[in-house]
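Student: Quick one: the structure is below, and I'll ask about it shortly.
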């Protein structure tokens, strides 16, 4: 643990925490790159939505949560699972459709869960996870256990009607839920400007009296600090909050999206100027929290871990045929 | 060791593509995430990013090459310290594509999902009392809420209003606002909140003012409640009951008069029940609340005020998935459910006066379907008429007809005949509505046709 004297930054975030953030973000990035590669080799089928570029959002948010809190999101979910502490082996094996996957190979990229880690999916219907997430918050409140629920959605989902039905009930019943809008500027191929009459999503709860904040979702530290405040508000029983995280996805909507709706220059600009991992890396180096050599070592370890997950996922057997008929009824 | 870069598949259906352009040349340093090439398919042009870092050692497929098969090595990257290409083995590429060997694999498949063993229906020879279907439903909820703190009721007007059809009368007084929750008029939203609560192990009873309005929520019912257990490999259960009146009431027009039995019975993961008597309503609702998965509980507004004898106990349950022979007969089997049971019994009475002995089966559960009881009856009577309020196409009768053809064809002496609602939206005019609904005389006519007594 870093002592106060050692800490050179003005931030309330400790050096150890910064390093943790770095590791988890890099973990997600390397995992997603490997998933993209396996997809290219035909080892992963169907749809595969990568989280590359958005890592700071889930890493900063998850770090503000406590044991017993719950998380739910849409289909761009690999990063959320890793940030919730789910094993990369199990996630990757689900991507390859094998028996050791979190859903025994029956869910795939968009449908994974871990009750143990409080991760409730992984949902493929845009916006449907928002009422579900409020329902999870309802259960926490019903049981009066002090836990909260975080429901993530994208800038595309935030125009769905059920999101507002949920905002209304969450505010009406003061449910302990944070609605995190990950605004990566494109709902598939449609920019927020072309899809939303008003694109300040942090204010979308205003009509229901839900406070909202806009956060630089490319800065893990800003995400973390804003999340801490939101979590405290919600946990104190003051009702839901909306957090709009301004972020960017580097890859296409899914693997089969050539992303012709934006320029290469736009993508390149974000990558060079705002990359969440590079930004933090610079800080770690300039504040001498870690040396170049140490970071290289971290990268090496992460790569090895991801490679291990990838070979595990390719070696794990396909589900036995009997699995076809199991888990339909409880 | 050197790393081979393989021709990637960019969509689930891509088998080959053109290597349109190289952005790097041999000797270039690359970092993870760098775009190194562009490939083209008939659908799109895509960029290839590298995952590994190092030096481009060799380009194996030249720019402009067409028809490059997926997984062909297109370049080699040298890792730190390497100067020469040494690709004795490319571990990733050696993994066989698993999809290729699947064509011959089969598994004995039931046409519909078998449900784990169904308990036998309990015998009751104790005292009974006459109660309405409305009271029976209320009693079932109240008893289950008393015995399990995690059972709660939510829906429009269930609390202070005491229920749009007074089914939840008195529950708010007894259980309070925490467990009897009035919702705004937002079916999709509160159905989703109910399912989310069920994911956490609570046992919600979600009341729809009518199932017609549940169409707003059908995505949450099917995609979230019915499929999540499967999609989670058995981890996340949805122990939830969706209940409310279903089918036509009386002259409320097309948007308030639809029967959804066939719709929901189509879905693996759901159980669907539609009781007729108060005893079945009570026993099945208690079973539905105790069930570890989602149950669609279809009531009928016209039956709420009808009285039946109900076992006088607070522990009366009826197993889901068991039909009941409500009238024995030998010449023909009439299979039906919900309000249509009454019409079938009327028809059986008329037929008996004309010398035809009809057996009437009340399905009670639409899914799982009690095939055994239907088949046993058909083996005896050799004739089958189905009767339902649903529209004919892809209805419950259509399913039973197909099932009996597959499983008891040799026992049939006449074609299975369906009686159903007419294939039109429900009209408002009294005469047209009566014509659109399946009536007892329609059943009589169908029975006479299959017994060749016309």
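Table: residues versus (1) at pLDDT below 95; (2) in a helix (DSSP H, G or I); (3) crowded, with 20+ Cβ neighbours inside 10 Å.
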residue	(1), (2), (3)
A:48	yes, no, yes
A:61	no, yes, yes
A:66	no, no, no
A:72	no, no, yes
A:86	no, no, yes
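Student: Being in a strand (DSSP E or B), more than 11 Å from every other protein chain (Cβ to nearest Cβ) and over 42 Å from the mean Cα position of the chain (by Cα) is the filter here; which residues of region B:5-24 pass it?
Tutor: Residues satisfying the conditions are B:18, B:19, B:20, B:21, B:22.
Student: Condition check: closer than 23 Å to residue B:279 by Cα, touching a helix residue (DSSP H, G or I) at 6+ places or on another chain (Cβ under 9 Å) and not assigned by TED's automatic domain parsing to the domain that holds residue B:273. Does residue B:316 satisfy that?
Tutor: Yes; evaluated as a whole, the condition is true for this residue.
Student: Could you tell me how many of the residues in region B:389-439 are within 18 Å of residue B:335 (Cα to Cα) and over 26 Å from the mean Cα position of the chain (by Cα)?
Tutor: Going through region B:389-439 one residue at a time, the tally reaches 7.
Student: Then there's this: Taking the residues in region B:212-237 that are touching a helix residue (DSSP H, G or I) at 6+ places or on another chain (Cβ under 7 Å), more than 10 Å from chain A (Cβ to nearest Cβ) and farther than 19 Å from residue A:121 by Cα as candidates, determine which candidate is surrounded by the most Cβ atoms within 10 Å (Cβ to Cβ).
Tutor: B:214
Student: Moving on to the next point. Looking only at residues that are more than 10 Å from chain B (Cβ to nearest Cβ) and touching a residue at least 40 places away in the same chain (Cβ under 8 Å) in region A:300-312, which one is surrounded by the fewest Cβ atoms within 10 Å (Cβ to Cβ)?
Tutor: My answer is A:308.
Student: Looking at (1) within 23 Å of residue A:126 (Cβ to Cβ); (2) surrounded by fewer than 21 Cβ atoms within 10 Å (Cβ to Cβ), can you tell me which one residue B:269 breaks?
Tutor: For residue B:269, the exception is condition (2).
Student: Only one of B:209, B:154 is in contact with a strand residue (DSSP E or B) (Cβ under 7 Å, 6 or more places away or on another chain), in contact (Cβ under 8 Å) with a residue 24 or more places away in the chain and away from chain A (no Cβ under 14 Å); which?
Tutor: B:209
Student: Something else: For residue A:163, only one of the following conditions fails: (1) touching a strand residue (DSSP E or B) at 6+ places or on another chain (Cβ under 6 Å); (2) under 25 Å from residue A:118 (Cβ atoms); (3) not in a loop (DSSP other than H, G, I, E, B). What is its number?
Tutor: Result: residue A:163 passes all but (1).
Student: Could I ask something else about it? Within region B:271-278, can one find any residue that is farther than 27 Å from residue B:416 by Cα, in the same structural domain as residue B:201 (by TED's automatic domain parsing), within 25 Å of the chain's Cα centre (by Cα) and not in a loop (DSSP other than H, G, I, E, B)?
Tutor: Checking region B:271-278: at least one residue is farther than 27 Å from residue B:416 by Cα, in the same structural domain as residue B:201 (by TED's automatic domain parsing), within 25 Å of the chain's Cα centre (by Cα) and not in a loop (DSSP other than H, G, I, E, B).
Student: Continuing with the same structure: Among the residues of region B:291-309, which ones are in a loop (DSSP other than H, G, I, E, B) and closer than 17 Å to residue B:131 by Cβ?
Tutor: Residues satisfying the conditions are B:300, B:304, B:305, B:306.
Student: For region B:191-223, which residues satisfy the criterion of being over 21 Å from residue B:290 (Cα atoms) and not in a loop (DSSP other than H, G, I, E, B)?
Tutor: B:213, B:214, B:215, B:216, B:217, B:218, B:219, B:223
Student: Now for a different question. Checking the structure you have, find out if any residue of region B:339-346 is touching a residue at least 60 places away in the same chain (Cβ under 8 Å), surrounded by fewer than 20 Cβ atoms within 10 Å (Cβ to Cβ) and within 26 Å of the chain's Cα centre (by Cα).
Tutor: no
Student: Being within 9 Å of chain B (Cβ to nearest Cβ) and surrounded by fewer than 24 Cβ atoms within 10 Å (Cβ to Cβ) is the filter here, so list the residues in region A:142-162 that pass it.
Tutor: A:142, A:143, A:161 - these are the residues of region A:142-162 that are within 9 Å of chain B (Cβ to nearest Cβ) and surrounded by fewer than 24 Cβ atoms within 10 Å (Cβ to Cβ).
Student: Can you tell me which residue in region A:91-109 is farthest from the other protein chains (Cβ to nearest Cβ), limited to those that are more than 17 Å from the chain's Cα centre (by Cα) and assigned to a helix (DSSP H, G or I)?
Tutor: So, considering only residues that are more than 17 Å from the chain's Cα centre (by Cα) and assigned to a helix (DSSP H, G or I), the one farthest from the other protein chains (Cβ to nearest Cβ) is A:93.
Student: Pull up region A:111-141, narrow it to residues that are part of a strand (DSSP E or B) and touching a residue at least 40 places away in the same chain (Cβ under 8 Å), then point me to the one that is farthest from the other protein chains (Cβ to nearest Cβ).
Tutor: Checked region A:111-141; the qualifying residue farthest from the other protein chains (Cβ to nearest Cβ) is A:119.
Student: While we're here: Among A:105, A:146, A:124, which is the only one that is at negative phi and modelled with pLDDT of 95 or more?
Tutor: A:124
Student: Can you confirm whether region A:290-299 contains a residue that is over 24 Å from the mean Cα position of the chain (by Cα), crowded, with 18+ Cβ neighbours inside 10 Å and in contact (Cβ under 8 Å) with a residue 12 or more places away in the chain?
Tutor: Within region A:290-299, one or more residues are over 24 Å from the mean Cα position of the chain (by Cα), crowded, with 18+ Cβ neighbours inside 10 Å and in contact (Cβ under 8 Å) with a residue 12 or more places away in the chain.
Student: Scan region A:243-273 for residues that are within 23 Å of residue A:21 (Cβ to Cβ) and within 14 Å of another protein chain (Cβ to nearest Cβ) and jot them down.
Tutor: Within region A:243-273, A:248, A:249, A:250, A:251, A:270, A:271, A:272 qualify.
Student: Looking only at region B:25-50, which residues are without any contact (Cβ under 8 Å) to a residue 40 or more places away in the chain, assigned to a loop (DSSP other than H, G, I, E, B) and either within 12 Å of chain A (Cβ to nearest Cβ) or surrounded by 17 or more Cβ atoms within 10 Å (Cβ to Cβ) (or both)?
Tutor: B:31, B:32, B:33, B:34, B:41, B:43, B:44
Student: Identify the single condition in (1) more than 21 Å from residue A:259 (Cα to Cα); (2) in contact (Cβ under 8 Å) with a residue 60 or more places away in the chain that residue B:64 does not satisfy, given that it satisfies every other one.
Tutor: (2)
The values are calculated or read from the model by the stated rules, or taken from the named source; none is laboratory data. As the structure is a prediction and not an experimental result, all values here were calculated from the model. Every residue, glycine among them, receives a Cβ derived from its backbone with ideal geometry; neighbour counts consider all protein chains shown.
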